1. Given Asp125, Asp131, which one is acidic (Asp, Glu), at pLDDT below 95 and within 22 Å of Asn9 (Cβ to Cβ)?
2. For a quick check of your reading: which helices (runs of 4 or more DSSP H) sit entirely within segment 4-100 and have at least 1 residues that are polar (S, T, N, Q) and under 17 Å from the mean Cα position of the chain (by Cα)?
3. Collect the residues in segment 10-32 that are closer than 20 Å to His75 by Cα and surrounded by fewer than 19 Cβ atoms within 10 Å (Cβ to Cβ), keeping them in residue-number order.
4. If you go through segment 88-107 one residue at a time, do you hit one that is in contact with a helix residue (DSSP H, G or I) (Cβ under 7 Å, 6 or more places away or on another chain), small (Gly, Ala, Ser), under 30 Å from Ile126 (Cβ atoms) and in contact (Cβ under 8 Å) with a residue 40 or more places away in the chain?
5. For segment 101-113, how many residues meet the condition of being among the hydroxyl-bearing types (Ser, Thr, Tyr) and under 17 Å from the mean Cα position of the chain (by Cα)?
6. For segment 31-51, which residues satisfy the criterion of being among the aliphatic types (A, V, I, L, M) and touching a helix residue (DSSP H, G or I) at 6+ places or on another chain (Cβ under 9 Å)?
7. Looking at (1) surrounded by 14 or more Cβ atoms within 10 Å (Cβ to Cβ); (2) over 22 Å from Ile120 (Cα atoms); (3) at pLDDT below 95, find the lone condition where Ala41 falls short.
8. I'd like the full set of residues that are of a type in the set (A, V, I, L, M) and free of Cβ contacts under 8 Å to residues at least 24 places away in the same chain, limited to segment 46-87.
Amino acid sequence: MNKTICITNGHLTDDLIEQIGGALEEGCKMLILREDDMAGAEYEKLAIGAIDMCREHEAKCIIDSRRDVAMSLNHPHIHLSYDDFCALSDEECVAFKSIGVSASSVSEAEECEELGASYITVDSDIELIKDIKESVFIPVYELVGAEHNNVHADDPRSALISAISQADRDTLANIKIVVTGAGKLGEPIARYLEDAGIINVEIINRTQG
């Protein structure tokens, strides 16, 4: 079964709901609703719609960082930075069914596992990912992404928008990565992913209507 995990990026589209719907239609089963610069009330409204859409597609919607929104909506899935995760009270921890954490070192990953994290995400660093996966038992995901104004043609990894892939090479062949909005960088991205062992890659360049 293919497993696609997506991170939203509202800077890349005029219609974020359409972006989310497209990802879900293409098989995304875990959606991290990021949107760091969105106002609280607007984010909560988006979260309500995204949660409903994910439920319709039997996918998991994950609130990114906004503990207040997750608690207000009684939503069980959240993703946090390492510092925010460590600052959670016991009461807050038990309020969530799953908690993902961004880690930047083996020691952070080990501590997150001890404190009850459900999974770890790590920036694209092959050696670090390898070390972390050898140190913890919970799932570890490699984060390959780009900031809105930081996409470079000579580094295809930086143009992979809204996607995370599992670093475990034994399961790479069963993962589908859908790349949207990459334009001319689509083919270099696909080649990079295929070289990394992810053979099921789809490039989608939708025309803005």
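1. Exactly one residue qualifies, and that residue is Asp125.
2. 16-25
3. Ile17, Gly21, Lys29
4. yes
5. 2
6. Correct list: Leu31, Leu33, Met38, Leu46, Ala47, Ala50.
7. Against the list (1) surrounded by 14 or more Cβ atoms within 10 Å (Cβ to Cβ); (2) over 22 Å from Ile120 (Cα atoms); (3) at pLDDT below 95, Ala41 comes up short only on (1).
8. Across segment 46-87, the qualifying residues are Ile78, Leu80, Ala87.
The values are calculated or read from the model by the stated rules, or taken from the named source; none is laboratory data. Because the structure is a prediction, the values reported are computed rather than measured. Positions of Cβ are generated from backbone atoms using ideal geometry, with glycine treated the same way; all protein chains shown enter the neighbour counts.
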